[in-house]
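Student: Encoded as structure tokens, here's the structure I'll be asking about.
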Amino acid sequence: MSVPTPPSPGHPRVTVAIPCYNEEPTIAKVVRDFRAAIPEADIVVLDNNSSDGTVAAARAAGARVLLEHRQGKGFAVQSMFRRIDADVLVMVDGDDTYPADAVRSLVEPVLRGEADMVVGSRLHRGAASEFRLLNRFGNRLLLGVLNAVFRTRLTDLLSGYRAFSRRLVRALPLAGGGFEIEAELTIKTLQRGFVIHEVPVKLIPRPPGSHSKIRVLRDGFLILSTILALFRDYKPLTFFGGIGLVLVALGLVPGTVVIVDFARTGLVPRLPSAILAVGLVLSGVVAGAVGLVLHATARRFQELEVLLHRLAHDETDDTDRV
Ligand SMILES: Nc1nc2c(ncn2[C@@H]2O[C@H](COP(=O)(O)OP(=O)(O)OP(=O)(O)O)[C@@H](O)[C@H]2O)c(=O)[nH]1
Ligand SMILES: [Mg+2]
């Protein structure tokens, strides 16, 4: 586990970045609320081809607007990571569903060097949240798997309210273009050994006239398949080993029957069962072997990545050395 480096002393640069797609009814209020909550921060709206007055409203409220043409929240986040230079980068939705007055509780742990990512959690025991039932259920299910695999105790995987340290922003290669970006942020951060903190935040319902961009089935499926792909790549032994164990266990059912028959009579009367058992057990063993090979490769890549990161940051790290 790596220790987060505190950002440059003096005047740390904080930027609040707001990905937006058609958020005209709420964006001005969000910009004003954040300006009031953290006056020293830069406020940037990442607009994604909005067809309403989002851009004009954001500018009128005093935000800087960056345009991202590839449609999707994930692309806006990728663009924010690439184009914004800040010691602490805060990301928040433009639909006025996260409280601006909690922003300091997200920024402070990064400034103090205690965490590289702070997540405003809507499911934390301290948070009283207005959270749709399906969202809550999906979030819980995915978290159960994630917490078991990475041995963490996170409570909100899909929160759109987060603060990142400069070095985390530099270290994360993001690929997701849509709503799978939040899960990707959390998993890639955990996998690289960065520290994640959670602070409870209250979720406010969308005001009337403002519309959700999420399509539950399509985006739910995308989020699930992203998580599975990340497990496959980063925890291959758990992923393929798990599949292997299930196949072997399935194979043992017909296999036991065949063995008991054979022990009793010395014959194999149920040939199809025997073939099925052998097929399932062999497939399970192959899956386990694939997991082992990929595990060894993935570990080497993780080591290389740490070395590369160290090389890239050698100069800055030298000044911190005591
Ligand atoms: N840049 C960009 N932002 C988007 C896009 N789709 C959604 N967003 C923004 O991402 C944020 C979250 O989108 P929402 O539709 O509120 O999704 P959500 O908060 O997960 O779901 P709800 O519970 O329905 O609010 C909002 O600020 C949206 O404007 C997109 O295609 N591009
Ligand atoms: Mg929202």
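The values are calculated or read from the model by the stated rules, or taken from the named source; none is laboratory data. Owing to the predicted nature of the structure, the values given are computational and were not obtained by experimental measurement. Backbone-built Cβ (ideal geometry, glycine too); neighbour counts: all protein chains shown.
Student: Of all residues in region 54-111, count the ones that are hydrophobic (A, V, I, L, M, F, W, C) and touching a residue at least 60 places away in the same chain (Cβ under 8 Å).
Tutor: Narrowing region 54-111 to residues hydrophobic (A, V, I, L, M, F, W, C): 55-58, 60-61, 63, 65-67, 75-77, 80-81, 84, 86, 88-92, 100, 102-103, 106-107, 110-111.
The next check asks that each one be touching a residue at least 60 places away in the same chain (Cβ under 8 Å); those that pass are 75, 77, 80-81, 84, 86, 88-92, 100, 102-103, 106-107, 110-111.
Qualifying residue count for the region: 18.
Student: While we're looking at this one, here's another question. Go over the candidates 249, 277 one by one and state the one that is more than 28 Å from residue 145 (Cβ to Cβ) and over 26 Å from the mean Cα position of the chain (by Cα). So that I can check it myself, show each step before the final result.
Tutor: Numbers: 249 fails: more than 28 Å from residue 145 (Cβ to Cβ).
Result of the check over 249, 277: 277.
Student: Can you tell me which residue is surrounded by the most Cβ atoms within 10 Å (Cβ to Cβ) among those in region 156-172 that are in a loop (DSSP other than H, G, I, E, B) and within 16 Å of ligand 1 (Cβ to nearest atom)? Let's see the steps before the verdict.
Tutor: Initial filter on region 156-172 (in a loop (DSSP other than H, G, I, E, B)): 156-161, 172.
Then drop every residue that is not within 16 Å of ligand 1 (Cβ to nearest atom), which leaves 156-161.
Numbers: 156: 27, 157: 24, 158: 22, 159: 25, 160: 23, 161: 25.
Here the answer is 156.
Student: OK, next. How many residues, within region 239-279, are assigned to a helix (DSSP H, G or I) and more than 25 Å from residue 229 (Cβ to Cβ)? Spell out the reasoning first.
Tutor: Just the residues of region 239-279 that are assigned to a helix (DSSP H, G or I), to begin with: 239-265, 271-279.
From the residues that got through so far, the ones that are more than 25 Å from residue 229 (Cβ to Cβ) too are 251-265, 271-279.
Residues flagged as assigned to a helix (DSSP H, G or I) and more than 25 Å from residue 229 (Cβ to Cβ) within region 239-279 amount to 24.
Student: Could you identify the single residue in 238, 256, 265 that is touching a residue at least 60 places away in the same chain (Cβ under 8 Å), more than 23 Å from residue 95 (Cβ to Cβ) and over 18 Å from the mean Cα position of the chain (by Cα)?
Tutor: Numbers: 256 fails: touching a residue at least 60 places away in the same chain (Cβ under 8 Å); 265 fails: touching a residue at least 60 places away in the same chain (Cβ under 8 Å).
Testing whether each residue is touching a residue at least 60 places away in the same chain (Cβ under 8 Å), more than 23 Å from residue 95 (Cβ to Cβ) and over 18 Å from the mean Cα position of the chain (by Cα) leaves just 238.
Student: Under the condition of being under 16 Å from residue 200 (Cβ atoms) and not in a loop (DSSP other than H, G, I, E, B), which residue from region 76-102 is nearest to ligand 1 (Cβ to nearest atom)? So that I can check it myself, show each step before the final result.
Tutor: Of all residues in region 76-102, those under 16 Å from residue 200 (Cβ atoms) come to 92, 97-102.
With not in a loop (DSSP other than H, G, I, E, B) added as a condition, the list becomes 100-102.
Details: 100: 14, 101: 18, 102: 16 Å.
It comes out as 100.
Student: Only one residue in 245, 250, 230, 294 is closer than 17 Å to residue 191 by Cβ and modelled with pLDDT of 95 or more. Which one? Explain how you work it out, then say what you get.
Tutor: Working: 245 fails: closer than 17 Å to residue 191 by Cβ; 250 fails: closer than 17 Å to residue 191 by Cβ; 230 fails: modelled with pLDDT of 95 or more.
The unique qualifying residue is 294.
Student: Which condition does residue 34 not pass, out of (1) over 23 Å from the mean Cα position of the chain (by Cα); (2) aromatic (Phe, Trp, Tyr); (3) in a loop (DSSP other than H, G, I, E, B), if it passes all the others?
Tutor: Residue 34 satisfies all of (1) over 23 Å from the mean Cα position of the chain (by Cα); (2) aromatic (Phe, Trp, Tyr); (3) in a loop (DSSP other than H, G, I, E, B) except (3).
Student: Looking at this structure, is residue 146 at negative phi, among the hydrophobic types (A, V, I, L, M, F, W, C) and more than 16 Å from ligand 2 (Cβ to nearest atom)?
Tutor: Values: at negative phi: yes; among the hydrophobic types (A, V, I, L, M, F, W, C): yes; more than 16 Å from ligand 2 (Cβ to nearest atom): yes.
Taking the combined requirement at face value, the residue satisfies it.
Student: While we're on this one: Return only the number of the condition from (1) within 13 Å of ligand 1 (Cβ to nearest atom); (2) touching a strand residue (DSSP E or B) at 6+ places or on another chain (Cβ under 9 Å); (3) closer than 30 Å to residue 154 by Cβ that residue 70 does not satisfy.
Tutor: Condition (2) is where residue 70 drops out.
Student: Determine the pairs where a residue that is without any contact (Cβ under 8 Å) to a residue 60 or more places away in the chain, located within region 12-28, has a partner that is assigned to a helix (DSSP H, G or I) with Cβ atoms under 6 Å apart, the partner being 6 or more residues away or on another chain.
Tutor: 24/54; 24/57; 28/57
Student: Tell me, yes or no, whether region 102-119 has at least one residue that is within 16 Å of ligand 2 (Cβ to nearest atom), within 20 Å of residue 187 (Cβ to Cβ) and modelled with pLDDT of 95 or more. Working first, answer last.
Tutor: Here is the first cut: in region 102-119, the residues within 16 Å of ligand 2 (Cβ to nearest atom) are 102, 119.
Remaining after also requiring within 20 Å of residue 187 (Cβ to Cβ): 119.
Now drop any that are not modelled with pLDDT of 95 or more, which leaves 119.
Looking for residues that are within 16 Å of ligand 2 (Cβ to nearest atom), within 20 Å of residue 187 (Cβ to Cβ) and modelled with pLDDT of 95 or more, one finds at least one in region 102-119, hence yes.
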